[in-house]
Amino acid sequence: MCKMEEQAYMTVEASLVLPTVIGGIIFILYLGIFLYNYCTINQTAYIAALRGSQIKNVSTDEIDNYVKKQIDELLFQNILAREEVKKEVSTSIGKVTVKMSTDVNIPFSDLLSAKIHIWEIKTEGYANRVNPIEIIRGVRKINGH
């Protein structure tokens, strides 16, 4: 009789501990996917804005299109568990700004009755449009050269 009680004790303990351990592992995986996507989108927004800020003597529409193309190239095959990355590019005389957002979704969410969004990622990257030639000439004028 003592062996039956010990076996039942292990079954009850396993039924409580095992789901907790599996849930913790799944949470860590989701957190890893979220952090990877967050870092990738942040970096992409800044790099695309920087590349757009280095273009000279073209219209702002051409810069916006170039930056959107750069975003698509940088994100290709680099994002995990995403729906669609929404991107907004704005160019002014002195700055290129890129705003991006996306959702990290639960796998198999289509089996549930409603779509569940765990986390939403929003980021903004910008780069100042600077002409290095004009800056060097301005510094030389100030120094009297």
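What the table shows:
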| item | result |
| --- | --- |
| Contacts under 8 angstrom Cβ, first residue in the stretch 13-41 being in contact (Cβ under 8 Å) with a residue 24 or more places away in the chain, partner part of a helix (DSSP H, G or I) and of a type outside the set (F, W, Y), 6 or more apart | T40/L75; I41/L75 |
| Flag for V17 being more than 29 Å from G125 (Cβ to Cβ) and at pLDDT 85 or above | yes |
| Scan of the stretch 41-58 for residues that are out of contact with any Leu (no Cβ under 7 Å at 6 or more places or on another chain) and at pLDDT 90 or above, ordered by number | I41, N42, Q43, A45, Y46, A49, L50, R51, G52, S53 |
| Residue in the stretch 41-57 that is among the charged types (D, E, K, R), assigned to a helix (DSSP H, G or I) and within 14 Å of K87 (Cα to Cα) present | no |
| Residues of the stretch 69-100 classified as of a type outside the set (D, E), over 13 Å from A127 (Cα atoms), out of contact with any strand residue (DSSP E or B) (no Cβ under 6 Å at 6 or more places or on another chain) and touching a residue at least 12 places away in the same chain (Cβ under 8 Å), total | 6 |
| Top-ranked residue in the stretch 58-67 [being assigned to a helix (DSSP H, G or I) and among the β-branched types (V, I, T); ranked as surrounded by the fewest Cβ atoms within 10 Å (Cβ to Cβ)] | T60 |
| Sole exception among (1) modelled with pLDDT under 85; (2) within 30 Å of N131 (Cβ to Cβ) for T11, by number | (2) |
| Subset tally (residues that are loosely packed, with under 10 Cβ neighbours inside 10 Å and not polar (S, T, N, Q)) for the stretch 128-145 | 7 |
| Hits in the stretch 24-66 (condition: more than 22 Å from S90 (Cβ to Cβ) and of a type in the set (S, T, N, Q)) | N37 |
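The values are calculated or read from the model by the stated rules, or taken from the named source; none is laboratory data. Here the structure is a predicted model, which means the values were calculated and not measured. Here the Cβ is made from the backbone with ideal geometry for all residues, glycine too, and neighbour counts use every protein chain on show.
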